[in-house]
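Engineer: This structure is in structure tokens; I'll ask about it shortly.
The values are calculated or read from the model by the stated rules, or taken from the named source; none is laboratory data. These numbers come from a predicted model, not from an experiment. Note that we place each Cβ from the backbone using ideal geometry, even for glycine, and neighbour counts take in every protein chain shown. All accessible areas refer to the heavy atoms of the entire protein, side chains included, with ligands and DNA or RNA removed. Shrake-Rupley method; radii C 1.70, N 1.55, O 1.52, S 1.80 Å.
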Amino acid sequence: MRERIARAICMLTIGVVVALSLLFASVHNEPPTENAPLPPEKGASVAGVAASAVAAPVDLAKGKSVYAAQKCSSCHSIAGDGNPRYPLDSVGSHLNREDLLAWTTGTGAAADILPPGIVRRKQRYRSLPQDNLDALVSYLSTLKASK
Amino acid sequence: MNATLADRRPHGARWIALYIALVAFPLVILLLGEMPKGGGYGWDFAMALGFGGLAIMGLQSILTARFRRATAPFGMDIIYYFHRWIAVGGFFLIVAHYVILRVGYAGAIGPLSPLTAPWHMTAGRIALLLFGVLVVSSLWRKVFRLEYDGWRIWHAIMAVAAVVLSIAHIQGVGHYTQAPWKGTLWGAYTALWVLVVGYVRLARPWALLRRPYRVSDVRKERGRTWTLTLRPEGHTGIGFQPGQFAWLSLRSSPFRANEHPFSFSGSAADAGTLRFTIKELGDFTRTIGTVKPGERAYVDGPHGTFTPDRHPDAPGFVFIAGGVGMAPIMSMLRTLADRGDPRPLLLVFGNRQWENVLFREEIDDLRRRLQLEVAYVLEEPPPEWPGLRGLLTDEVLRAAIPNIDPGWVYFVCGPKPMTDSVQRALRHRGVPLSRIHFELFEMA
Ligand SMILES: Cc1cc2nc3c(=O)[nH]c(=O)nc-3n(C[C@H](O)[C@H](O)[C@H](O)COP(=O)(O)OP(=O)(O)OC[C@H]3O[C@@H](n4cnc5c(N)ncnc54)[C@H](O)[C@@H]3O)c2cc1C
């Protein structure tokens, strides 16, 4: 009898946590309003990448591998792969090469805007070999919003 | 350790609400104010589950911190029962947190190998593993033949490590604790946990150390059982209600948390003196016979709600004991006798053999001082035994308790199979559960 009540309170507690979590997730991901950009569909920007590829293919592959080796995906996603909180799907459309480098390495304006912990982590990328950084930026600049 | 939830509901409900509020607190912080950009439904759901699961795990130490006022409405045994099952629930939330991310966002959580993974991800993974070990080693402690005292120490160490690693994991990831005021609230929440752990491991042992007891007598009882008498040293001791229990440390500092729970068996009217009646069952209890008068002891109590003092209006009491389960009931009988209580009482006392019936002589004596009837039930009765025989089944109890008086209150203490069968038998005969009280000599 008392056990049954204790079990019920267990269930209630877990239920409250799950309900609040669902609430949190839905408040957080309200359907986008009229003029906000639509979140990229999985795979959609892959097509965009292919269409707008301007850099030499070799560079692109190298850039991708630097992106993978540096585990940018622990904070960023491309085409739905990686941390969905900070998608990079269309950075190529709104940042030039200089800004891409600044944001990647946590320098310039990015250093003021980003939280200090993240700046510290990003500034470590400054020590990457120059040609790796170039390739990475080239790769990022191919990421354009698909029409 | 009993009191039904029902008879103290208004009081208990408030503690339950407080508990749920404490579990929900981190999630409410998450929901308030400016939030980081949404990361998708599954992502955010998984994050919130992680916070909720950790809140449950962190609060586990508060549940078993033995706060007297908070545990009284429920009984300590049910608190331990709850501690055990809510841990399973909390663990599932944390597993869900991990599985959703592992399956849905493998790229984001990065490599498994601690050599290449960021430290805070490794911290999270180790915490998950530790929580798993904690749950498994506790639910199946007996199956793995883990010795109680060792298990208990490791349980505390692993629990603290797992919570600390989880907090490090959250700080390292840092998405939700960035806003300064959120960081402050989260810090306060963590501080609450540190305070409780500090209180349980340091402040309380310290307080116990300053109120020592000395063993004044060690007495052999029937059936591999001993009675220890303790007297306070340099203080006035504690008062208790008959039927309550305390955690006793012998030959060990309170800081070592080597204590065992035992019921008071002496009279509550006998101020200052504490008696415990202890059966030799395992490593610790087998050493009781070697304890010498003059040895130090520490007593954390009183705890529990298994006491007639909570039922001043009951017209009478029925006591049902098995073996050393007589200890708390002996305290009740002695106390009622010392107070000159005139109410009718019935004792049903189950034992294996007549020779081992604890306190047999004194019970005869109490019969003269109280309105007490006694029915002994023996599993292996001697030839020509005139009384009841067998276990405390429905049938035997019908013979031992011919009339069920409305309003009488029942106290049952003994091994689990016995208390289960007594509960069933009394329920059959229409005794409401709110009038049956149990003490189990085992913490869930
Ligand atoms: C509320 C309560 C009141 C009790 N009153 C009495 C009493 O009056 N007389 C009496 O003889 N016994 C009493 N016990 C039982 C007593 O606590 C155990 O028998 C004793 O702790 C066993 O220790 P051990 O090392 O000798 O045995 P072990 O063989 O080590 O343990 C046997 C079992 O006892 C339990 N146990 C062991 N150590 C502890 C501990 N430190 N805390 C909690 N549980 C433990 C475990 O379930 C373990 O599996 C009571 C128990 C509880 C919970």
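Engineer: Dipole size in debye (nearest 20) for the protein assembly as shown around its Cα centre, Lys and Arg Cβ +1, Asp and Glu Cβ -1? The partial results should precede the final answer.
Structural biologist: Values: 64 positive and 46 negative charges, 147 e Å.
Computed charge dipole of the protein assembly as shown: roughly 700 debye.
Engineer: Using label points projected 7 Å from each Cα along Cα→Cβ, tell me how many nm separate residue B:219 and residue B:20, to one decimal.
Structural biologist: Here the modelled spin labels are 4.9 nm apart.
Engineer: To continue, here is another question. Step through the residues of the stretch A:122-130 one at a time and calculate ³J(HN,Hα) from phi using the Karplus curve (6.51 cos²θ - 1.76 cosθ + 1.60, θ = phi - 60°), rounding each to whole Hz and writing x for Gly and Pro.
Structural biologist: 6, 5, 4, 5, 5, 7, 5, x, 3
Engineer: While we're here: Could you tell me which residue out of B:130, B:53, B:70 lies farthest along the dipole of the stretch B:3-208 toward its positive end? Charges go on the beta carbon: Lys and Arg +1, Asp and Glu -1, centred on the Cα centre.
Structural biologist: The residue sitting farthest along the positive end of the dipole is B:70.
Engineer: Roughly speaking, what is the stretch gain from residue B:188 to residue B:202, that is 0.36 nm per residue apart minus the C-alpha to C-alpha distance, in nm to one decimal?
Structural biologist: Numbers: separation 14, 0.36 × 14 = 5.04 nm, distance 2.00 nm.
Once the chain is fully extended between residue B:188 and residue B:202, it gains 3.0 nm.
Engineer: Right, here's the next one. Would you work out the charge dipole size for chain B about its Cα centre, treating the Cβ of every Lys and Arg as +1 and the Cβ of every Asp and Glu as -1, and quote it to the nearest 20 debye?
Structural biologist: Details: 48 positive and 34 negative charges, 160 e Å.
I would put it at about 760 debye.
Engineer: Next question, about the same structure. If you take the beta carbon distance between residue B:106 and residue B:256 as r and set R0 to 51 Å, what does 1/(1 + (r/R0)^6) give as a FRET efficiency, to the nearest 0.05? Write out the running numbers ahead of the final one.
Structural biologist: Values: r = 45 Å, r/R0 = 0.88.
Approximately 0.70, to the nearest 0.05.
Engineer: Roughly what would the spin-label model give for residue A:119 and residue B:142, points 7 Å off Cα along C-beta, in nm?
Structural biologist: The two pseudo-label positions are separated by 6.0 nm.
Engineer: Here is a follow-up. According to a simple spin-label model (label point 7 Å from Cα along Cα-to-Cβ), what is the distance in nm between residue B:164 and residue B:66?
Structural biologist: It works out to 2.4 nm between the two label points.
Engineer: Then there's this: Interface size between chain A and chain B, please: total buried accessible area, 1.4 Å probe, rounded to the nearest 100 Å².
Structural biologist: Values: alone 10190 and 21540 Å², together 27890 Å².
Counting both chains, the buried surface is close to 3800 Å².
Engineer: Another question, if that's okay. DSSP loop trypsin sites (Lys or Arg not before Pro) in the stretch B:347-381 with at most 15 other Cβ atoms within 10 Å of their Cβ, which ones? Intermediate values should be presented prior to the final figure.
Structural biologist: Details: sites: B:352, B:360, B:367, B:368, B:369; in loops: B:352.
The qualifying sites are B:352.
Engineer: Take the Cβ-Cβ distance between residue B:290 and residue B:395 as r, set R0 to 45 Å, and report the resulting FRET efficiency rounded to the nearest 0.05. Mind showing how you got there, number by number?
Structural biologist: On the way: r = 42 Å, r/R0 = 0.94.
Given R0 = 45 Å and the Cβ-Cβ separation, E is 0.60.
Engineer: Apply 1/(1 + (r/R0)^6) to the Cβ-Cβ distance of residue B:343 and residue B:31, taking R0 = 56 Å, and write down the FRET efficiency to the nearest 0.05.
Structural biologist: Numbers: r = 55 Å, r/R0 = 0.99.
Here the calculated transfer efficiency is 0.50.
Engineer: Moving on to the next point. Within the stretch A:68-91, name every residue whose backbone N is under 17 Å away from a label modeled 7 Å from Cα of residue A:61 along the Cβ vector.
Structural biologist: The answer is A:68-69.
Engineer: Take every DSSP beta bridge whose two residues both sit in chain B, then give the antiparallel share in percent to the nearest 5. Show your work: numbers first, answer last.
Structural biologist: Working: 26 of 51 bridges.
Percent antiparallel among DSSP bridges in chain B is about 50.
Engineer: Can you pull the percent of the protein assembly as shown's accessible area that's carbon plus sulfur, 1.4 Å probe, other chains left in place?
Structural biologist: Working: 17140 of 27890 Å².
The C+S portion of the solvent-accessible surface of the protein assembly as shown is 61 percent.
Engineer: Now a separate question. Identify the GluC sites (Glu not before Pro) of the stretch B:202-276 meeting these criteria: DSSP loop state and at most 16 other C-beta atoms within 10 Å of the C-beta. Mind showing how you got there, number by number?
Structural biologist: Values: sites: B:221, B:233, B:259; in loops: B:233, B:259.
Those that pass, being in a loop and sparsely packed, are B:233.
Engineer: Work out which helices of chain B, taken as complete DSSP H runs, extend at least 24 Å along their axis over the Cα atoms and score a mean Kyte-Doolittle of 0.5 or more, then list them.
Structural biologist: Values: long enough: B:9-31 (31 Å, 1.43); B:41-63 (33 Å, 1.17); B:76-104 (41 Å, 1.24); B:119-139 (30 Å, 1.56); B:148-173 (37 Å, 1.03); B:180-198 (26 Å, 0.82).
Long hydrophobic helices here: B:9-31, B:41-63, B:76-104, B:119-139, B:148-173, B:180-198.
Engineer: While we're here: Once you sort the root eigenvalues of the Cα gyration tensor of the stretch B:332-444 as a ≥ b ≥ c, which label holds: rounded (a/c under 1.5), prolate (a/b larger than b/c) or oblate (the other case)?
Structural biologist: Numbers: a/c = 1.40, a/b = 1.03, b/c = 1.36.
Cα axes put the stretch B:332-444 in the rounded bin.
Engineer: So how strong a dipole does the stretch B:311-438 carry about its Cα centre when Lys and Arg Cβ are +1 and Asp and Glu Cβ are -1, to the nearest 20 debye? Provide the component values of the computation, followed by the final result.
Structural biologist: Details: 15 positive and 16 negative charges, 77 e Å.
Approximately 380 debye in magnitude.
Engineer: How much length, in nm to one decimal, is gained on full extension between residue A:11 and residue A:107, taken as 0.36 nm per residue of separation minus their Cα-Cα distance?
Structural biologist: Stretched fully, the residue A:11-residue A:107 segment lengthens by 29.7 nm.
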